[in-house]
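Read the structure below first, then the notes.
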Amino acid sequence: MLTHPYCKLILLVVLPASGLFLASGAAAQSGAEEDNQPTQLEEVNVVGKRAFDDRFMSNATRLTISRRDIEAMGANSIGDILRQTPGLQVTTTANGGIEIRMRGMGPENTRILIDGVPVSASNRSSQLPLDELPADLIERIEVIRAPTAEFQGAAGGSLNIVLREASAKKETYLWLTDQYVWGKHGPSLFVSQTGPLGAPPPKPAAGGISESSWTYFLSLSAGERNLGSDTRRESSVNTAAPTTANIEDESRLRNSYWILRPRVTGRLGASDRVTFRGVFSASDRDGSVLSNLNGLSNGATVASATQNPWRYNRSHSQGAVDWSHSFKDAKWDTTLQLDYPQSDYRFDRNTETTLAGVATTRTSAYNEDRAERGLIGKTKLAIAAGESVWTMGGEFESRKLDLGSASTQAGVTTPLDLDASTRRTVLWGQDELTIESIKTALTVGLRAQDFSTDVAAAGASTRFDKLSWQPSINTRTALSEDTQYRFNIARISRNPRVWELAPLTEPSFTSNSPTAPDFRGNPDLRPESTITLDTGIERRLAIGGQAGINLFVRQQSDVIRRRLFLVGTRWTEQPDNIGSALVWGVETDIRTNLKWAGLGRDWTLSANVNLLNSRLNGDTLGGERIPGQARYLANLNIAKPLRVSGGWYGGGTLALTGSSDSNFASTPNVLTTGGERAHAQLDMYIGSVVPTLGFWRLNVYNITDFRSDRTRVVTDTLTGTVTTEHSERWLTPRWFLTLGTRF
C-alpha cells in the first residue's frame, strides 16, 4: 500500500494524466503537428519527438533523458538527474557518494556504462564516483530496462551515460556556482566550447560530402563541494547487565576536483568518420568523522570520543578513438579505449574511552594504494537486407588491478595486498525483421561471453572462469500510429566481483560487532543466473508528450548475498549463493507539456510511479523481500524551463521512496531483521534569463531535510544474544547559486 503522506499528490497527477494515455490517434496526430513548431522545439520543448523516437524505435526497452530534459531539471550534478529518472533508487551515502538501485535490487544488479563502455567493477560497490560528474557534461542518459544481444544488461537494468558531443555550431558555455551548507561555501566552475576546427570547409559539390569538416568539444569542470551528514544511533545488547549506547556522528568532508574533457570529430573521407576523445580528472577528498558515545557496558557507565580524519585522492586518465565506415547498405563502428585510474586512501582513528572511571586510548589506521589498467575494444557491423537488419559485433575488455594496503590495530600492522586481473570476451549477433502482416518488428539475438578473473591475496590465489550464453527475443507491435506494445524475454548472468572472490579477510575498523563485522571473500561463489521478462505499452500523447506502462519479472537463481556468522569471537560477513529470488513490479511514466492545464506549452510535467515486490526462496526466512528493496518509488517534476529569449523559469521535484525490509537469515542461527522507513525529498529551483547577457539560478536541495530512519536487529538463536541498532541520518538542505552565460 502507498501509505506515504505525499503519495496522494503523486497519484492525483499521474492517474489523471494516465487517462490521457487513451486519447485518440487523430488527436495525437494533430498534437504532433503542433509539437513541430520550430520556435518551441528550439527553446523549450523537452518532450519533443527525438527523445521519444529513441524510445519508440529502439529494439531495446529504453527511456532517454535528453539534454533538453536535463536543462529543464535545473540539475547541478548527475545525481540530481538520476533522482528524477524512472525506476531508480538513488541513496546518498554518509561520505557524500551515491548508491544506485534499479527496481529496488542491489547496486551489483545495476550495470553502468559511459559512452557505451562498461565502467570498471573492481571496487566493492561496483559504482563509479558519479557525484563528480557535473550535469553540464551529460548529453543524455539512456535507461535500458531489458537486455538484448548488444546490451548485456543486468537484473535491475543498465544506465548508459553519454557525454557531451562536438558540434559544428560554435558555442561557449560559462557557469559559476557556489554551494552553501553548514555555513561553508563551495565554489565551482564549468566552461566548455564547441564548434568547427579550423576554417569553415568549402561547400561540397552537389551530392558530395566535405572531407575536411572537423568539430571539437572542450570542457573544464573544477571546484569544491561540501559533503557529509549527521547521524544519531541507539544500540543495545540483551546481556545480563545493561549494555546500551547513544552515539552522535558528525561527518564533514570536502571534495576538490577537476575534470578536463577534449573531443575532436571529423571525416577521413566520404565514408569514414573518426572521433578522438579523452577524460582527465583528479579529486582530493578529505575530512573527518567525529563520534561521541554515552551509555552502559555490562552495567558500567561508558563514554567515548572518536576522531576519524581521512583523505582520499583519485586520478583518472582515459583516451579513446571511435571509427565508423559506411557502406551502401551497412555501417561498421569500432571503439578502442584505454583507462588508467589510480587512488590512495588514508585514515587514522583515535578513540578515548572512559569505562567505570578508567580512561583508555585506542588507535587504528588504514592505508591503501590502488592502481588499475584497462583496455577495452568494441566493434559492430549493421547490414540492411530487405526487410531485415542484421547486426553483429564483438567486445574485449582486459583489466589489471594492483592494491597494496595495511591495517594497523592495537599496534599490530597487517598487510592486505591484492592482485587481480579480469578478461571479458564477447561475440553477439541479432536479426531485426519486420512482419508486416501483424505490424511487428521482431529481434532475435544471441550473446556469448567468456569471463575470467584471477585473484591473488594473502598468499593464496583463486581463478573464476565462466562461459555464458544470453539468448533474447524482443518484439515491437504497432497498435496504432502512436501506440505500440513491447515484449522481451532473455537470459543473463552476473559474475562475482573481485572483492567477493578475494581469498582474504578484511577486519572491521571499528569495534567488531554484528553491525560492524569483518569481511571475508568466498572463492567458491557461482554466478547469478536470471531470466528476464518485460512487457508494456508506449504511446505518444495527443497533448504532446509520451506515456508508458511496463511490467517486469525477474527469476534469479544462485543469488549472491552476504551471510553473517561468528568466527571465534569475531563477527564476519561473507558472500554466498543463498538460493533463488523472484522480483516483479509495475512501472508507469508520463512526460508532457502543461498546455492542457492552462499553463502554456513551456511548462512541462514529468512523473512516474513504480510498484516493486520480490521474494527470496531457499533460505531460513524464505518468502521475505530482497533486503533494501523499496515498496514503491515515485517522482513528480513540474518546471518552466529556461528560454534563451529571456524571462523567469523554475521548477520543483518531489521524490518519494517507500519503506524497505532487511529481513534475512544470514546462517541457520543468525537472523537479521528490521528495515528503513519511507521518506521524501523535495528540490526546487528558480532563475531568470537576461537576454544577451546570461542567466542566474538558485537551487535548494533536500528542502524536507531528508532523514534516513533505519532499524536493524541481529539475533543469535544459539546464544540468545540480540543486538539492536536504530539510526537516523540527516543530509541537511543545500543551496546552490549559479551564474552563467553562453555565446
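The values are calculated or read from the model by the stated rules, or taken from the named source; none is laboratory data. Please read all numbers here as calculations on a predicted model, not as lab measurements. Ideal geometry is used to build each Cβ from the backbone, glycine not excepted, and the neighbour counts take in all protein chains shown. Calculation scope for accessible area: heavy atoms of the full protein, side chains included, ligands and nucleic acids excluded. Shrake-Rupley method; radii C 1.70, N 1.55, O 1.52, S 1.80 Å.
Things to note:
- Gyration tensor (alpha-carbon) shape descriptor, the stretch 393-516, a/c threshold 1.5: prolate
- Ligands, DNA and RNA aside, Ile560 has an accessible area near 10 Å² when probed at 1.4 Å.
- Legend: distances between Cα atoms for Lys328/Lys400; Lys328/Lys466; Lys380/Lys439; pairs beyond 30 Å are Lys328/Lys400; Lys328/Lys466.
- Length-normalised contact order of the chain in % [C-alpha pairs under 8 Å, at least 6 apart]: 12
- Using a simple spin-label model with pseudo-atoms 7 Å out from Cα toward Cβ, Thr425 and Asp518 lie 3.9 nm apart.
- The angle between the Cα long axis of helix 25-35 and the main principal axis of the chain comes to about 90°, on a 0 to 90 degree scale.
- Accessible area in the full protein assembly, largest first, 1.4 Å probe, for Glu481, Glu71: Glu481, Glu71
- Neighbour net charge for Ala457 - beta-carbon separation under 12 angstrom, K R +1, D E -1: -4
- Options Leu566, Gly647, Leu636, ranked by Cα towards positive dipole end of the stretch 546-649, top entry (Cβ charges): Gly647
- Amide H to amide H distances under 5 Å link Thr704 with Leu682, where only residues 5 or more positions off or on other chains count and H is placed in the peptide plane.
- The string of couplings for the stretch 663-680 from the Karplus curve (6.51, -1.76, 1.60, θ = phi - 60°) is 6, 6, 9, 5, 9, x, 10, 10, 10, 10, 10, x, x, 10, 6, 5, 8, 10 Hz, one whole number per residue in order, with x for Gly and Pro.
- Convex hull (Cα only) mean projected area of the chain, reported in nm² to one decimal: 32.5
- Protein accessible area in the stretch 611-743, 1.4 Å probe - carbon and sulfur %: 62
- Report note on the peptides 376-386, 105-115: ranked by the mean count of other C-beta atoms within 10 Å, highest first, their order is 105-115, 376-386.
- Burial ranking of peptide ranges 155-163, 424-432 (average Cβ count within 10 Å, highest at the top): 155-163, 424-432
- Charge tally around Asp249: other residues with Cβ under 9 Å, Lys/Arg +1 each, Asp/Glu -1 each, net 0.
- Candidate aspartates and glutamates for bridging to Lys595, where Cα separation is under 14 Å - those fewer than 8 sequence places away on the same chain excluded: Glu34, Asp35
- Net +/- balance of residues flanking Glu728 in space, Cβ distance below 10 Å, scoring K and R +1, D and E -1: +3
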